Amino acid sequence: MGGGHLDDPGATVRTFPKKGVIAPGADADIVLYNPTATQTFSAATHHMNVDYSAYEGMAITGQAVTVLSRGAVVIENTNTSESRDGAVPFARTERVSAMSIRGVRF
């Protein structure tokens with residue numbers, strides 16, 4: 001991280017050091033992403049509690065392969081693990097205006 005707000009999201013939304021860093025005591029929310037994998041959106045395969053998708057049939061490049069939430073694997077090799085409904089509490093943050101982010105030019 002370069003130290004500026006644009007490359008430090010945890011500091012930008014004032015959740016650092018609990019979020020926005022890989023370090024002991026942080027939440028350990030990590031995504032392993034394959035930028036060359038291809039996939040097609042479908043309500044039958046996405047992980048939402050609805051039976052439709054506005055993007056149905058759209059082909060895209062890039063895919064989250066493994067996802068860790070608070071250090072626990074929730075998606076591995078593109079397959080979801082057991083449900084973790086309610087496992088992650090809401091993280092309240094202060095309201096941040098884009099105008100308050102240092103280094104942003106409008």
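The values are calculated or read from the model by the stated rules, or taken from the named source; none is laboratory data. Predicted, not measured: the structure shown is a model, and the values here were computed from it. Note that we place each Cβ from the backbone using ideal geometry, even for glycine, and neighbour counts take in every protein chain shown.
Residues checked against (1) surrounded by 10 or more Cβ atoms within 10 Å (Cβ to Cβ); (2) modelled with pLDDT under 80; (3) within 14 Å of the chain's Cα centre (by Cα):
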residue	(1), (2), (3)
MET1	yes, yes, no
LEU6	yes, yes, no
VAL21	yes, yes, yes
PRO24	no, no, no
THR40	yes, no, no
ALA59	no, no, no
GLN63	yes, no, yes
Q: Mind listing whichever residues of region 42-57 are polar (S, T, N, Q) and loosely packed, with under 11 Cβ neighbours inside 10 Å?
A: THR45, ASN49
Q) Any idea how many residues of region 40-73 are of a type in the set (Gly, Ala, Ser), in a loop (DSSP other than H, G, I, E, B) and more than 23 Å from ASP29 (Cβ to Cβ)? A) 6
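Can you give me the number of residues within region 31-70 that are in contact (Cβ under 8 Å) with a residue 12 or more places away in the chain, charged (D, E, K, R) and either out of contact with any Ser or Thr (no Cβ under 9 Å at 6 or more places or on another chain) or under 30 Å from VAL21 (Cβ atoms) (or both)?
Going residue by residue through region 31-70, those that are in contact (Cβ under 8 Å) with a residue 12 or more places away in the chain are 31-43, 47, 53, 55-70.
Keeping just the survivors that are charged (D, E, K, R) gives 56, 70.
Then drop every residue that is not either out of contact with any Ser or Thr (no Cβ under 9 Å at 6 or more places or on another chain) or under 30 Å from VAL21 (Cβ atoms) (or both), which leaves 70.
Result for region 31-70: 1.
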